[in-house]
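S.K.: Sharing a structure below in structure tokens format, with a few things to ask.
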Amino acid sequence: AQKITQTQPGMFVQEKEAVTLDCTYDTSDPSYGLFWYKQPSSGEMIFLIYQGSYDQQNATEGRYSLNFQKARKSANLVISASQLGDSAMYFCAMREEGYGGATNKLIFGTGTLLAVQP
Amino acid sequence: GAVVSQHPSWVICKSGTSVKIECRSLDFQATTMFWYRQFPKQSLMLMATSNEGSKATYEQGVEKDKFLINHASLTLSTLTVTSAHPEDSSFYICSAIRNREDGYTFGSGTRLTVV
């Protein structure tokens, strides 16, 4: 069964600094996708970045980059130049895309609450 | 971009009554919709997966008779919490997908409080 682990319940970062949010995963499916979402206090889910298991390069989207280490089964999110508006809950999620992927189920980690300090 | 409308955004109901939550894809046909439940400061727990015209697939531990899911069309899925109890109070959020390449679109969520 697929599993996502986020070991940091909460993180502080100074404004304008970079921060790394950890995510490890486990799956027996050779093909899978990894996602990061931001959830502000309003509750909406905001898609940030996607990494496919066969992608050769680490994904980047503006200030967000994904440090994908396949052998370690980790997919850490790096936010550069933190802004006050980055304060939110961040979730790592995984979808199996091979033989386990028919359902397109997206399974979430426990999340990391990020607080950006001025 | 793709939009999913979820209603109501919040609801308070009396214990023992039923509550229906709607999730509607406004500008695309959703082949699959997902229902999640989230307790404060916790993860999104997948409750069930629904495909248009077929019965929902529930995750282990989710009571099918309590959380009724109907996916009547490619643009509408509903979650009915039957005989609600205070422990059902939670944030419920739906997600829809047209195809794998387009990704997931989430509704804005429904905060249910059972008193």
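The values are calculated or read from the model by the stated rules, or taken from the named source; none is laboratory data. Here the structure is a predicted model, which is why all the values come from computation and not from measurement. FYI the Cβ positions are ideal-geometry reconstructions off the backbone, even for glycines, and counts take in every protein chain you see. Ligands, DNA and RNA are stripped out before the accessible areas are found, and what is left, the full protein with its side chains, is counted by its heavy atoms. Shrake-Rupley method; radii C 1.70, N 1.55, O 1.52, S 1.80 Å.
S.K.: Over chain B, what is the relative contact order in whole percent, taking alpha-carbon pairs under 8 Å and six or more residues apart?
M.R.: Result for chain B is 37 percent.
S.K.: Cα centroids of the range A:49-112 and the range A:1-18: how far apart, whole angstrom?
M.R.: Using only Cα atoms to place each centre, the spacing works out to 11 Å.
S.K.: Okay, next question. Summing Lys, Arg as +1 and Asp, Glu as -1, what charge do residues with Cβ under 14 Å from the Cβ of A:Glu17 carry, A:Glu17 excluded? All intermediate terms of the calculation are to be shown ahead of the outcome.
M.R.: Values: positive: A:Lys16, A:Arg63; negative: A:Glu15, A:Asp86.
Here the count lands on 0.
S.K.: Treating only the Cβ atoms of Lys and Arg (+1) and Asp and Glu (-1) as charged, compute the dipole magnitude of the range A:1-81 about its Cα centre; round to the nearest 20 debye. Walk me through the intermediate numbers first.
M.R.: Working: 7 positive and 8 negative charges, 28 e Å.
So the magnitude is around 140 debye.
S.K.: Right, next: Under a Cβ-only charge scheme (Lys and Arg +1, Asp and Glu -1), can you give me the dipole magnitude of the protein assembly as shown about the Cα centre, in debye to the nearest 20? Intermediate values should be presented prior to the final figure.
M.R.: Working: 20 positive and 21 negative charges, 58 e Å.
Charge dipole, the protein assembly as shown, about its Cα centre: 280 debye, nearest 20.
S.K.: Lys and Arg at +1, Asp and Glu at -1: add these up for the other residues within a Cβ distance under 13 Å of B:Cys13 and post the number. Before the final figure, lay out each step's value.
M.R.: Values: positive: B:Lys14, B:Lys20, B:Arg111; negative: B:Asp88.
Charge balance in the 13 Å sphere: +2.
S.K.: GluC sites (Glu not before Pro) within the range B:13-115: which are DSSP loop residues with at most 12 other Cβ atoms inside 10 Å?
M.R.: Numbers: sites: B:Glu22, B:Glu52, B:Glu59, B:Glu63, B:Glu87, B:Glu101; in loops: B:Glu52, B:Glu59, B:Glu63.
In loop regions of the range B:13-115 (DSSP not H, G, I, E or B), the sparsely surrounded GluC sites (Glu not before Pro) are B:Glu63.
S.K.: Let me ask something else. From Cα coordinates alone, what are the radius of gyration and Dmax values for the range A:23-77 in angstrom?
M.R.: 11.9, 36
S.K.: Hey, in chain B, which Cys have no second cysteine's beta-carbon closer than 4.7 Å?
M.R.: Within chain B, the cysteines lacking a partner Cβ under 4.7 Å are B:Cys13.
S.K.: While we're here: Ignoring ligands, DNA and RNA, what accessible area per residue does the protein assembly as shown give at 1.4 Å, in Å²?
M.R.: Ligands and nucleic acids excluded, the result is 48 Å² per residue.
S.K.: On the first, second and third principal axes, largest extent first, how far apart are the outermost C-alpha atoms of chain B in Å?
M.R.: Result, largest extent first: 40, 25, 22 Å.
S.K.: Just to be sure I follow: if Rg is taken over the C-alpha atoms of the protein assembly as shown and Rh is the Kirkwood radius over the same atoms, what is Rg/Rh? It would help to have the intermediate numbers written out before the result.
M.R.: On the way: Rg = 17.8 Å, Rh = 18.3 Å.
A ratio of 0.97.
S.K.: Shielding by partners for B:29-38, please: the mean number of other protein chain Cβ atoms within 10 Å of each residue's Cβ.
M.R.: Details: counts 0, 0, 1, 3, 0, 4, 0, 3, 0, 7.
Average per residue, whole number: 2.
S.K.: What's the Cα-based Rg to Rh of chain A, Rh via Kirkwood? Before the final figure, lay out the partial values.
M.R.: Working: Rg = 13.9 Å, Rh = 14.3 Å.
When Rh is taken as the Kirkwood radius, the ratio is 0.97.
S.K.: Only bridges whose two residues both fall in chain A count here: according to DSSP, what percent of them are antiparallel, nearest 5? Write down the numbers at each step before the final one.
M.R.: Values: 34 of 39 bridges.
Here the antiparallel bridges make up roughly 85 percent for chain A.
S.K.: Under 1.5 on a/c is rounded, so check that first for the range A:39-105, then, if it is not, pick prolate when a/b is larger than b/c and oblate when it is not; a ≥ b ≥ c are the square roots of the alpha carbon gyration tensor eigenvalues. List each step's numbers first, then the result.
M.R.: Details: a/c = 2.61, a/b = 1.40, b/c = 1.86.
Taking the square roots of the gyration eigenvalues as a ≥ b ≥ c, the range A:39-105 is oblate.
S.K.: Write down the percent of antiparallel bridges among all DSSP beta bridges whose residues are both part of chain B, to the nearest 5.
M.R.: Working: 37 of 41 bridges.
The antiparallel proportion sits near 90 percent.
S.K.: Same structure, new question: I need the semi-axes of the equivalent ellipsoid of the range B:56-96: take the C-alpha gyration tensor, multiply each eigenvalue by 5, square-root it, list largest first in whole angstrom. List each step's numbers first, then the result.
M.R.: On the way: eigenvalues 72, 28, 21 Å².
Here the semi-axes work out to 19, 12, 10 Å.
S.K.: Compute the relative contact order of chain A as a whole-number percentage, counting only Cα pairs closer than 8 Å that sit 6 or more residues apart in sequence.
M.R.: Working: 303 pairs, mean separation 44.2, N = 118.
About 37 percent, as a whole number.
S.K.: Which percentage, to the nearest 5, of the DSSP beta bridges contained in the protein assembly as shown is antiparallel? All intermediate terms of the calculation are to be shown ahead of the outcome.
M.R.: Values: 71 of 80 bridges.
Taking every DSSP beta bridge within the protein assembly as shown, about 90 percent pair in antiparallel fashion.
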